[in-house]
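Q: Mind looking over this structure? Questions follow.
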Amino acid sequence: MNILFCGGGTFGHVAPALAAAEAIRKMHPEAQIAFVGRRDGAENESIRSHGYRLYEIPIESLGHKSIYRSARAMLLLLRSFSLARRVLKESAPDLVFGTGGYVCYPVLRMAQIMGIRTLIHESNAVPGRACRMLARSCDGVLLGVEDARERLPKDTRCIYTGNPVREDFFRYSRQRARHALGLRDSDRLLLSFGGSGGAGALNAAMLSLMRKAAEGDGGIYHVHAAGKKYFEDIRKSNPAFTIGKGRLRVYPFLENMPLYMCAADLCICRSGAMTVAELTAAKLPSILIPSPNVTDDHQRKNAESLAARGGALICDEKELSSLEEMALGLLSDRGRLSAMRQALSRCGSRDAAREIANAVVSFLPDNK
């Protein structure tokens, strides 16, 4: 059993692959598993930390306004097909499983040309470009959100599995997580982050919120992950929030995100598909700020899905001036936060990783 996972661009493309790979490895310890990602992708560190072999292909997004960068991206894309072929010949997989991102297209397309079975997992309510282009030629498309089915070609073989999250999100009870962080019952923990790379507008809003909380009675704890590329500037301009161990902390990233998400009372974040799945798993109420810089506005569709079920509120990036009032209002309303947690407990599935693993195994040549 030899499976090659492929995806990259953000951690949201890698997270479902890692969750599925862990489930497969648990069910079939003999399985050979490797990954393909984009060269120098920050998301690749998570793959390496799990001990998987990683192939890297230099590739960039085609969506540039600069003629030079667009031309460079096109040349890299054309070259990526020969590099993908080399990876596929060396790794000799029985099946290639893609999870989106621009590195996904050349690898899966070349696998199809070489007669290797292919699956793709679409985590968003609005399928990405790679999924739309590959859907018909893939052996199957696994859906993280049922709504995506309506936006794919009618003859696509779709299987709903849900979006998987790491088992760590189910290892912490709320009480255990809060105890691990030294929080009292009366303390309120606000968690915020802008995705794997951070977000400048969100960082500015969170620093403003921290300054407001610093003037309060001390009952609010706020932990914010700003992103590596933003952190140094924040450290210089706001040393009070980046040095020591106070109740208002800014970090470049959080190594144990499941612990913080399970302990928090409220989260302010983007609404990528994997973030929404993790919020659901942790039963963490949220204020979602859809990124305006994504294809087809898919983060808004993800946010609307969770808000419709009662687990989140939505704040547009252009309306961040209202965020402070929304956040402090929710943190002071324990009854509403409790109702949101109960709504989240009725959403999602802990078995998504296993569902994906079973689907992958069922498509292997020996099982057809």
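Q: Looking only at strands (runs of 3 or more DSSP E) that fall completely inside the range 255-361, which ones have 3 or more residues that are among the hydrophobic types (A, V, I, L, M, F, W, C) and not assigned by TED's automatic domain parsing to the domain that holds F193?
A: Once the strands (runs of 3 or more DSSP E) in the range 255-361 are filtered for at least 3 residues that are among the hydrophobic types (A, V, I, L, M, F, W, C) and not assigned by TED's automatic domain parsing to the domain that holds F193, nothing remains.
Q: I need the full set of residues from the range 232-258 which are surrounded by 18 or more Cβ atoms within 10 Å (Cβ to Cβ) and at pLDDT below 90, in order please.
A: T242, the sole residue that qualifies.
Q: So which of A15, A23 ends up being in contact with a helix residue (DSSP H, G or I) (Cβ under 6 Å, 6 or more places away or on another chain) and more than 13 Å from G100 (Cβ to Cβ)?
A: A23
Q: Here's something else I'd like to know. Within the range 177-195, can you find the residues that are exposed (fewer than 13 other Cβ atoms within 10 Å of the Cβ) and basic (K, R)?
A: Residue satisfying the conditions is R184 alone.
Q: OK, next. With respect to L152, is the statement that it is surrounded by fewer than 22 Cβ atoms within 10 Å (Cβ to Cβ) and either touching a Pro at 6+ places or on another chain (Cβ under 7 Å) or outside the structural domain of N302 (by TED's automatic domain parsing) (or both) true?
A: When the stated conditions are applied, L152 passes them.
Q: Also: Which is touching a residue at least 12 places away in the same chain (Cβ under 8 Å), of a type in the set (D, E, K, R) and under 30 Å from L364 (Cβ atoms), of D147, D187? Let's see the steps before the verdict.
A: Values: D187 fails: under 30 Å from L364 (Cβ atoms).
Every option except D147 fails the conditions.
Q: Going residue by residue through the range 61-81, is there one that turns out to be closer than 17 Å to V14 by Cβ and surrounded by 13 or more Cβ atoms within 10 Å (Cβ to Cβ)?
A: Yes: the range 61-81 contains one or more residues that are closer than 17 Å to V14 by Cβ and surrounded by 13 or more Cβ atoms within 10 Å (Cβ to Cβ).
Q: Of the conditions (1) aliphatic (A, V, I, L, M); (2) over 23 Å from F11 (Cβ atoms); (3) modelled with pLDDT under 90, A273 satisfies every one except a single condition; which number is it?
A: Checking A273 against (1) aliphatic (A, V, I, L, M); (2) over 23 Å from F11 (Cβ atoms); (3) modelled with pLDDT under 90, the one that fails is (2).
Q: Which residues, counting only those in the range 49-108, are out of contact with any Pro (no Cβ under 8 Å at 6 or more places or on another chain) and of a type in the set (D, E)?
A: E56, E60, E90
Q: Let me ask something else about it. Six or more apart or on different chains, Cβ atoms under 7 Å: show the pairs whose first residue is in the range 279-294 and at positive phi and whose second is crowded, with 21+ Cβ neighbours inside 10 Å and of a type outside the set (V, I, T).
A: As it stands, the answer is K283/L344, since those pairs meet every condition given.
Q: Also, quick follow-up: Just the residues that are closer than 20 Å to F170 by Cα and out of contact with any strand residue (DSSP E or B) (no Cβ under 7 Å at 6 or more places or on another chain), please, taken from the range 273-308.
A: A273, M274, V276, A277, E278, T280, A281, A282, K283
Q: Going by the conditions given, is A23 small (G, A, S), more than 21 Å from S137 (Cα to Cα), assigned by TED's automatic domain parsing to the domain that holds A357 and at pLDDT 80 or above? Break it down stepwise before answering.
A: Values: small (G, A, S): yes; more than 21 Å from S137 (Cα to Cα): yes; assigned by TED's automatic domain parsing to the domain that holds A357: yes; at pLDDT 80 or above: yes.
Criteria met by A23.
Q: Only residues that are of a type in the set (G, A, S), surrounded by fewer than 22 Cβ atoms within 10 Å (Cβ to Cβ) and outside any loop (DSSP other than H, G, I, E, B): list them for the range 214-230, please.
A: A214
Q: Of all residues in the range 7-49, count the ones that are assigned to a loop (DSSP other than H, G, I, E, B) and of a type outside the set (G, A, S).
A: 7
The values are calculated or read from the model by the stated rules, or taken from the named source; none is laboratory data. Every value quoted in this text rests on a predicted model; they were computed, and no experiment measured them. Heads up, the Cβs are rebuilt from the backbone with ideal geometry, glycines too, and the neighbour counts pull from every protein chain shown.
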